[in-house]
Every structure is written in structure tokens, then in C-alpha cells.
Amino acid sequence: MAATFEFQLNATDGAARTGVIRTPRGEIRTPAFMPVGTAATVKAMMPESVRQTGADIILGNTYHLMLRPTAERIDRLGGLHRFMNWDGPILTDSGGFQVMSLAGLRKLTEEGVTFKSHIDGSKHALTPERSMEIQRLLGSDIVMCFDECPALPADRDRIAQSMRLSMRWAKRSREAFGDRPGHALFGIQQGGLEEDLRAESAGALQEIGFEGYAIGGLAVGEGQEAMFGCLDYAPGQLPADKPRYLMGVGKPDDIVGAVARGIDMMDCVLPSRSGRTGQVFTRMGVLNIKNARHQDDPRPLDENCGCPACRNYSRAYLHHVFRSQEIISSMLLTWHNLQYYQDIMSEMRTAIAQGTFAAWQSAFHRGREQGDIDPL
């Protein structure tokens, strides 16, 4: 394993890239999808099951973990990796996005954000320095700098003001992070859908210097067309020799479109959340397992998938356990969705390396346009 944090770009195909991030805890093959383990667990999954899907890295949530069980307790118990029994790399977000979503429960100043816990109403403060301290206590391998993320749509002045505040916080985050060999700090580009503000943000971040760069402030209500429009230029504003992370994305076609535009890393709660609500992603599109059309269907969810749900159970059974609210439904459907996402990533890595990404992308969209497997 690498003694330090390193990024190696192995191949490009158009704007799409494939490579590897090396960390002391293992390698992350890119493009990479990171399952979200909000409260030190990927919901309905054992850590070894997450690993079996092909995931190299998972994401933890600073906001939720600082409130419960607290970063200090996790540190006393040996750090987040030991606490949740995941020995691979972990990325933690800064807490900024969750605090943004609190709206009426928070107060924003130059220093940081004060807010009330959604759990018990207790008062807390998050600053760049405190966010770095929490993520150090957690022991995460990739740390995100503290930023503010305004919801879209927002007017240009509000976006510019927010972006410049985030850049001042990024500098404070870098200073507070200090010298931590083997750990990486990522800066977060902001600027909404304004190309010049994105460029200003990218320049400010590169002047500070980070081990990787994230594109923040997307997937917050702007829609796919606007997001792709931003991704047509935003990745190119960031260093080509560092990982590029698109935060909080997304649906399968969002992910493929982002990789086509030069993104290396993504995360989203969608595959696990959808699994718990009966929404299933397949190569032939999306199906809803609670629909009555599945109750007598002996076929698997996806005939080309090797996950336990598809290998061992019929649609009829999965329909039954979902309608019966059995816990195994969340387990199997979440596993399938995470497997599907990781399969997409693996196929894209291979296609980029072979120079066939455009053909792969066309086949991906054709399969989804055909819709679900024909009814019996």
C-alpha cells in the first residue's frame, strides 16, 4: 500500500478518465462511486457486503457523527474505521451541506455556522477549524474542507458572496488541517451555474493547494441539463493531475454523463435509499418492485446481475417481502442497487482504458431506453 496519498491517471477517452488513487488504506479505482454511510453504516448492508459489490471507498457524514455518537467517542473507540469495521479508505464530508439544509435552525457568520441539532435541539457550532478537528478525530482518509452551499436557484450576488466565503473558509480549512501524511484534504469549487464564478473559485483553491478538488453546489435543484452544462466546463477549470469529485450525484445517467465530462469520484444516497423504498435500478431501466405486475414473476430483477438478490430470488419473492415489510427486502434491494452502480463504474473503467467509452455510453442509454424486461 502507498505510504502517502497519490493519484495516477492511467488513460483518457475524450474527457473521460480512469486511474487510481493510492492511500495507506488501499487503492481507489477511478471513476469511483462511493456508497454513503451516513451514520457509520451503509443502511441495510454489512461492511463486507459493501466490499463485495466492488466498492473501494465509502463516505461518512460529519454532521450526523458529530451529534451522535460524537467524534470524540469514536476517537476513543479507535476511530471510524475500527468503529464501523471498514478497513478501506473513508471520505468524510465537512458537514456544510447538512447545515445548509437546516435553514431556519442555523445562523451563518464569517466565523462559521451555529445551529440546533435535529435530534434534541441542542446548540452546536461548526467552523472550518472545528470541521477539521472532527474529521481528524474520525480518522478519515479524505477530508473535505468546510464550505457553504446555497440551494439553487439563487441570484448571482448570493452565489458570488457564498462562493467567496467558502474560499476564505477553504484557506482556514487548509491551515487547520496541518501536515497529515497519508491523509488528503479536498477543496470544494463553488459558483453555482456561473462559469466565471466557477473559474474564480477554481483559481482560489489552486492558490491554496489541495490533494484533490470537488465540484460542489450541484444536484441541489438545478436539473440534469443545467448540471451537465456546468460540467461541460467546471472539471477543466481544475488541475488535471488531481482527483475530481462531484458531490452528491446521482442517478445512473447522471453518473455516466459526469464521467463523460471528466469526473473521477461521486457519491449519492440514491441506490441505498431507493432499495429501501422498492425502486430498483437495472440495465433495462428502473422498476418498482411493489407493483402488482411482479407478484407472479419467477425471473430475477436483472438477468445480467450477479448480486444475491438476482442469483437467488425471484421478482415474485422480492415483491412479497417488500409488501410484507420484511427487513430482508431492504437488504436484498439495497445490495442489488449498489452492485448495479459498481458494475457501471467497472464497465466504464474498462471502456475508457480500451478507448471504447463512446460506444459503451451509447449501449448504456439504448438498454435503458428499451425499458424493463418485457412482462411474461
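The values are calculated or read from the model by the stated rules, or taken from the named source; none is laboratory data. No experiment lies behind these values; they were computed from the predicted model shown. Here Cβ is always computed from backbone atoms with ideal geometry, including for glycine, and neighbour counts include all displayed protein chains.
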**Item:** Residue in segment 336-357 that is surrounded by 16 or more Cβ atoms within 10 Å (Cβ to Cβ) and in a loop (DSSP other than H, G, I, E, B) present
**Value:** no
**Message:** Pairs please, first residue from segment 188-204 and crowded, with 19+ Cβ neighbours inside 10 Å, second anywhere and among the β-branched types (V, I, T) and not in a strand (DSSP E or B), Cβ atoms under 8 Å, 6+ apart in sequence or on different chains.
**Reply:** Q190/I159; G191/I159; G192/I159; L197/I159
**Asked** Could you give every pair whose Cβ atoms fall below 6 Å, whose first residue belongs to segment 102-121 and is closer than 19 Å to M163 by Cβ, and whose second residue is surrounded by 10 or more Cβ atoms within 10 Å (Cβ to Cβ) and basic (K, R), counting only separations of at least 6 or pairs across chains?
**Response** V113/R106
**Sole residue being in contact with a Gly (Cβ under 8 Å, 6 or more places away or on another chain) and farther than 30 Å from D87 by Cβ, chosen from E200, E175, E195, E207** = E200
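I'm trying to understand the selection: among the residues of segment 160-175, which are surrounded by fewer than 21 Cβ atoms within 10 Å (Cβ to Cβ) and either in contact with a helix residue (DSSP H, G or I) (Cβ under 6 Å, 6 or more places away or on another chain) or of a type in the set (F, W, Y) (or both)? Spell out how you get there, then give the answer.
Taking segment 160-175 as the starting set, the residues that turn out to be surrounded by fewer than 21 Cβ atoms within 10 Å (Cβ to Cβ) are 160-161, 164-165, 168, 171-172, 174-175.
Result: A160, K171, R172, R174.
Would you mind finding the one in T62, T12 that is over 30 Å from F115 (Cβ atoms), touching a helix residue (DSSP H, G or I) at 6+ places or on another chain (Cβ under 8 Å) and of a type in the set (V, I, T)? First the steps, then the outcome.
Details: T62 fails: over 30 Å from F115 (Cβ atoms).
Within the list T62, T12, the selection yields T12.
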**Asked** Do you know which residues across segment 166-212 are in contact with a strand residue (DSSP E or B) (Cβ under 6 Å, 6 or more places away or on another chain) and either outside the structural domain of G236 (by TED's automatic domain parsing) or of a type in the set (S, T, Y) (or both)?
**Response** S201
**Request:** State which residue pairs qualify: first residue surrounded by 22 or more Cβ atoms within 10 Å (Cβ to Cβ) and inside segment 49-60, second residue of a type in the set (G, A, S) in any location, beta carbons under 7 Å apart, and separation of 6 or more residues or different chains.
**Result:** I57/A32; I57/G88; I58/G37; L59/G37; G60/G37; G60/A40; G60/S140
**Message:** Go through segment 1-27 and report how many residues are in contact (Cβ under 8 Å) with a residue 24 or more places away in the chain and assigned to a strand (DSSP E or B).
**Reply:** 14
